[in-house]
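Structure record follows, encoded as structure tokens.
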Amino acid sequence: MTEYKIALVGFGGVNRGLAQLIVERNAAWQTELGFSLKIVGVSDLFLGSICDPTGLDAAHLVALPPVKGAFAQLAGGSAEAFNETVIKHSRADIIAEATFTNPVDGEPAATFCRWALEAGKHVVTTNKGPIALHGPELSQLAKANGVSFEYEGAVMSGTPVLRLARQSLSGAGVRGFEGILNGTSNYVLTRMEEGLSFAEAVAKAQELGYAEADPTADVEGHDVRLKVVILANELLNARLQVGDVTCSGISSISTADIGQVRASGARWKLIGSAHREGDGSVRASVEACLLPSSHPLVGISGATNAVSFNTELLGAVTVSGPGAGRIETAFALLSDIIAIHAANH
Ligand code: HSE
């Protein structure tokens, strides 16, 4: 029986969700998946840090109140976030990185990933910043150190997209994709169809926890742009940088614009897309598009995400599911660990 020692970097919703899954399902995973997980370290800029190579009680971690320096309440814990110690010296086999997304330089998450990979530890992450801005470099670093770097949750949380396309669509000739890759903006457009104003719909999305604290990245397309870069680089072997993707959002669309087309079955959607051109280059964009009623993404409503791959052999292949959420994103980390386990057995 394999037991992976895991350290959690960032202990907000996602890694707390993973700890909760460990509490509820670790015993079943031994039978179902052939491994179990033991948490040996946790660090969080707000909560502090704690390490124990013999294993921390996941239930105690989950129950910890989200107050500043909370890890100091546990024996051996500290109010200070000793990230480097937790990553390099907690004896973890796997680092689960789930700190905040920094769309400018991917830091500090990119450094956390580098520390882990250089120390010979596998990394699983849900963080879009390091992947969109430093993905090829980090994958190369993992290869050079004989470990895995997995990031399924960076696009559409636990809904299988990256690994599915990489594995099951290889050979089908993926020529491009179109996706609804931001739950907040799709929720806002759906509620505007029901008559809410843009501002009312954004406030509702914030209440429901879909939107970021500052929803600008959601409604202006910046969040989708990172996901488009990740998908295009992964599936089309593009070498796109964030600035290569033209980007606009949904804030200029009014309730009247939406009402005018409603009867025809056409719907406004924020679409992130990339396609290989005849000359081999890849063109990518994020923009609000008026989809006809026959389009594979037209029926995707509310906070649901979907991506439709355009393939040579199968035509359009469309996957839909949650694109955010605590447990949904924690599941993506588990799916990455399952992939690491499969690669090593
Ligand atoms: N705020 C994002 C969304 C979360 O609404 O989809 C996932 O990246």
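Quick note: the coordinates plus some simple rules give every number you see, no bench work behind them. Given the structure is predicted, the values throughout are model-derived calculations rather than measurements. No Cβ is skipped: glycine too gets one built from the backbone with ideal geometry, and neighbour counts run over all protein chains shown.
Treating r as the C-beta distance of Thr318 and Leu208 and R0 as 41 Å, the FRET efficiency rounds to 0.95.
Per residue, how big is the convex hull around the C-alpha atoms of segment 117-209? Give it to me in cubic angstrom, could you?
Values: hull volume 13.4 nm³, N = 93.
In segment 117-209, the Cα convex hull volume per residue is 144 Å³.
Each peptide in 66-74, 182-190 receives the mean, over its residues, of other Cβ atoms within 10 Å, and ordering these scores from highest gives 182-190, 66-74. Applying the Kirkwood pairwise sum to the alpha-carbon positions of the chain produces a hydrodynamic radius of 20.8 angstrom. Dividing the summed helix terms, -39500 (n - 2.57) for each DSSP H run of n ≥ 4, by the number of residues in the chain produces a 222 nm estimate of -11500 deg cm²/dmol to the nearest 500. Stretching the chain fully between Val104 and Ser168 yields a gain of 19.8 nm (0.36 nm per residue, less the alpha carbon separation).
Per-residue packing, averaged as other Cβ atoms within 10 Å, sorts the ranges 310-319, 151-160 into the order 151-160, 310-319, beginning with the highest. Short-range pairs are left out: with C-alpha atoms under 8 Å and at least six residues apart, the relative contact order of the chain is 18 percent.
If we sort 248-255, 120-127 on the protection proxy, mean other Cβ atoms within 10 Å, highest first, what's the order?
Details: 248-255: 16.8, 120-127: 24.9.
In descending order of packing, they fall as 120-127, 248-255.
Computed from the Cα positions only, the extents of segment 193-232 along the three principal axes stand at 35, 22, 14 Å, in decreasing order. Straight Cα distances below 17 angstrom link Lys38 to the aspartates and glutamates Glu3, Glu24, Asp52, Asp57, Asp93, Glu97, Asp336, with same-chain residues fewer than 8 positions distant left out. Cα convex hull, segment 162-322: 111 Å³ per residue, rounded to a whole number.
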